[in-house]
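*Asks:* One structure, as structure tokens, below. Some questions next.
The values are calculated or read from the model by the stated rules, or taken from the named source; none is laboratory data. Remember, predicted model here, so these are calculated numbers, not experimental data. Cβ sites come from the backbone with ideal geometry, for glycine too, and all protein chains shown count toward neighbours.
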Amino acid sequence: MYAIVETGGKQYQVEEGRYVDVELLEGEKDAKIVFDKVVMLVNGKKSKVGQPYVKNASAEGVILGHDKAKKVIVYKQRPKKGYRVKRGHRQEYTRVMINKIRTTASKKAAETETAEA
């Protein structure tokens, strides 16, 4: 089972037990984070597509750390004018380990477990 979540204006495919690199998020290392904008849940014939988001679905994870991506060179030149500009850019990102993808059924089960305890 995997989900497609939206964060930072982009959509990412997340799966339990795997990490994903997303746009820079606020939060310290080992902080919990919840992605509640789930666009789609894929689980065989039980797949759900949101309009625009799937209700009562979320992906929970832990921030592993913050880092910078590889350098991208931006080079501009105008022919025959002597204009040359070379710049580099390193985009910052956050690495998140996805621990659990929650759906409506799993949320109800979690609520009954906490009520019984």
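*Asks:* So is Lys32 at pLDDT 95 or above and farther than 24 Å from Met1 by Cα or not?
*Replies:* In short, no.
*Asks:* Scan region 31-68 residue by residue and report those that are in contact with a Phe, Trp or Tyr (Cβ under 6 Å, 6 or more places away or on another chain) and part of a loop (DSSP other than H, G, I, E, B).
*Replies:* Of everything in region 31-68, just one residue is in contact with a Phe, Trp or Tyr (Cβ under 6 Å, 6 or more places away or on another chain) and part of a loop (DSSP other than H, G, I, E, B), namely Lys37.
*Asks:* Can you go through Lys45, Lys100, Lys81 and tell me which one is surrounded by 13 or more Cβ atoms within 10 Å (Cβ to Cβ) and of a type in the set (D, E, K, R)?
*Replies:* Lys100
*Asks:* Next question. Scan region 5-28 and tell me whether some residue there is in a loop (DSSP other than H, G, I, E, B) and touching a Gly at 6+ places or on another chain (Cβ under 6 Å).
*Replies:* Among the residues of region 5-28, not one is in a loop (DSSP other than H, G, I, E, B) and touching a Gly at 6+ places or on another chain (Cβ under 6 Å), which makes the answer no.
*Asks:* Restricting to region 21-50, give me the number of residues that are within 13 Å of the chain's Cα centre (by Cα), touching a residue at least 60 places away in the same chain (Cβ under 8 Å) and within 12 Å of Val62 (Cβ to Cβ).
*Replies:* Number satisfying all stated conditions: 2.
*Asks:* Output the number of residues of region 69-90 satisfying the condition of being part of a loop (DSSP other than H, G, I, E, B) and either closer than 18 Å to Asp30 by Cβ or touching a strand residue (DSSP E or B) at 6+ places or on another chain (Cβ under 7 Å) (or both).
*Replies:* Just the residues of region 69-90 that are part of a loop (DSSP other than H, G, I, E, B), to begin with: 69-71, 79-82, 90.
Applying the additional criterion that residues be either closer than 18 Å to Asp30 by Cβ or touching a strand residue (DSSP E or B) at 6+ places or on another chain (Cβ under 7 Å) (or both) yields 69, 71, 90.
Qualifying residue count for the region: 3.
*Asks:* Cβ-Cβ under 7 Å, sequence separation 6+ or interchain: first residue in region 74-98 and farther than 30 Å from Glu15 by Cα, partner outside any strand (DSSP E or B) and at pLDDT 95 or above. Which pairs?
*Replies:* Between residues of region 74-98 that are farther than 30 Å from Glu15 by Cα and residues that are outside any strand (DSSP E or B) and at pLDDT 95 or above, the close pairs are Gly88/Lys71.
*Asks:* Still on this model: Within region 14-26, is there a residue that is out of contact with any Cys (no Cβ under 8 Å at 6 or more places or on another chain) and loosely packed, with under 11 Cβ neighbours inside 10 Å? Can you show your working first?
*Replies:* Of region 14-26, the ones out of contact with any Cys (no Cβ under 8 Å at 6 or more places or on another chain) are 14-26.
Now narrow it down to the ones that are loosely packed, with under 11 Cβ neighbours inside 10 Å: 17, 26.
Yes, because at least one residue in region 14-26 is out of contact with any Cys (no Cβ under 8 Å at 6 or more places or on another chain) and loosely packed, with under 11 Cβ neighbours inside 10 Å.
*Asks:* Continuing with this model, one more query. From (1) part of a strand (DSSP E or B); (2) hydroxyl-bearing (Ser, Thr, Tyr); (3) at pLDDT below 95, pick out the condition that doesn't hold for Thr94.
*Replies:* Thr94 satisfies all of (1) part of a strand (DSSP E or B); (2) hydroxyl-bearing (Ser, Thr, Tyr); (3) at pLDDT below 95 except (3).
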